[in-house]
Amino acid sequence: MAKDKEKKEKKDKKKDDAPAEEAPAAAPAEEAAPTPSAAPAPKKVGNVFALFKQNQIQEFKEAFTMIDQDRDGIIGPDDLSNIFQQIGREADPKVVKEMLAESAEKLNFTHFLTLFGEKLHGTDTEGTLRDAFTLFDEDKVGVLPEEYVKDLLTNVGDQYNKDEIKQVWKEAPIEGGKFDYVKFVRLIKRGKEEE
């Protein structure tokens, strides 16, 4: 048993010492392989490895390895509790459970990266996006006047230029001068669906 652990540590060390270009190519195949007892996967972001640069993936891998205290390739409640202890805090089991509930009950590197992809790349839920548009919809009918939306995009917050508006309007569901934000949110989250 001690020899197996030593081999695993040497193998892990070898991976960490490998050039950055090789790390992500090996990681998806190893980490993505589902185990029969694994909990359901989190929501998909597409190819999560495409969301980050090589050096970012390497940094996430290092962070994952630090958190994975028992080096079994999965972050579980004990791993998180140990991290809390290392920073001088007592781990509240409820908080640990909530943290793990954002993904599968136990989380491998691919799930870990997916969580960060969702958080860092603004992948809010459909409901959250729809609610944001609803704030501007006084009648709560699911559509907004096209000119009103253009005015908001060009004059409020991160202001869009004419080319950006043109790009958005290529795909935007607009009929009779009305911008259908319910369909637009669906398009953002699900892409074009075959009918």
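Numerical summary
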{"quantity": "Residue among Phe49, Phe64 that is within 15 Å of Phe109 (Cα to Cα), surrounded by 12 or more Cβ atoms within 10 Å (Cβ to Cβ) and in contact with a Pro (Cβ under 6 Å, 6 or more places away or on another chain)", "calculated": "Phe49"}
{"quantity": "The one condition in (1) in contact (Cβ under 8 Å) with a residue 24 or more places away in the chain; (2) among the β-branched types (Val, Ile, Thr); (3) surrounded by fewer than 11 Cβ atoms within 10 Å (Cβ to Cβ) that Val149 fails to fulfil", "calculated": "(3)"}
{"quantity": "Restricting region 44-68 to residues that are over 14 Å from Phe112 (Cβ atoms) and not hydrophobic (A, V, I, L, M, F, W, C), the residue that is modelled with the lowest pLDDT", "calculated": "Lys44"}
{"quantity": "Count of region 148-183 residues which are in contact with an Asp or Glu (Cβ under 6 Å, 6 or more places away or on another chain) and more than 19 Å from Glu138 (Cα to Cα)", "calculated": "1"}
{"quantity": "Test: residue in region 92-107 that is touching an Asp or Glu at 6+ places or on another chain (Cβ under 7 Å) and either crowded, with 17+ Cβ neighbours inside 10 Å or assigned by TED's automatic domain parsing to the domain that holds Glu62 (or both)", "calculated": "no"}
{"quantity": "Residue match in region 79-102 (condition: at pLDDT 85 or above, under 22 Å from Leu51 (Cβ atoms), touching a helix residue (DSSP H, G or I) at 6+ places or on another chain (Cβ under 7 Å) and not β-branched (Val, Ile, Thr))", "calculated": "yes"}
{"quantity": "Hey, Glu105 over 24 Å from Arg186 (Cα atoms), out of contact with any helix residue (DSSP H, G or I) (no Cβ under 8 Å at 6 or more places or on another chain) and modelled with pLDDT under 85 or not", "calculated": "yes"}
{"quantity": "Test: Phe179 is assigned to a loop (DSSP other than H, G, I, E, B) and modelled with pLDDT of 90 or more", "calculated": "no"}
{"quantity": "Given (1) in a loop (DSSP other than H, G, I, E, B); (2) at pLDDT 90 or above; (3) not basic (Lys, Arg), index of the condition Asp124 fails", "calculated": "(2)"}
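The values are calculated or read from the model by the stated rules, or taken from the named source; none is laboratory data. Worth saying up front: this structure is predicted, and the values here are computed from it rather than measured. In this analysis, Cβ positions are derived from the backbone assuming ideal geometry, glycine residues included, and neighbour counts consider all displayed protein chains.
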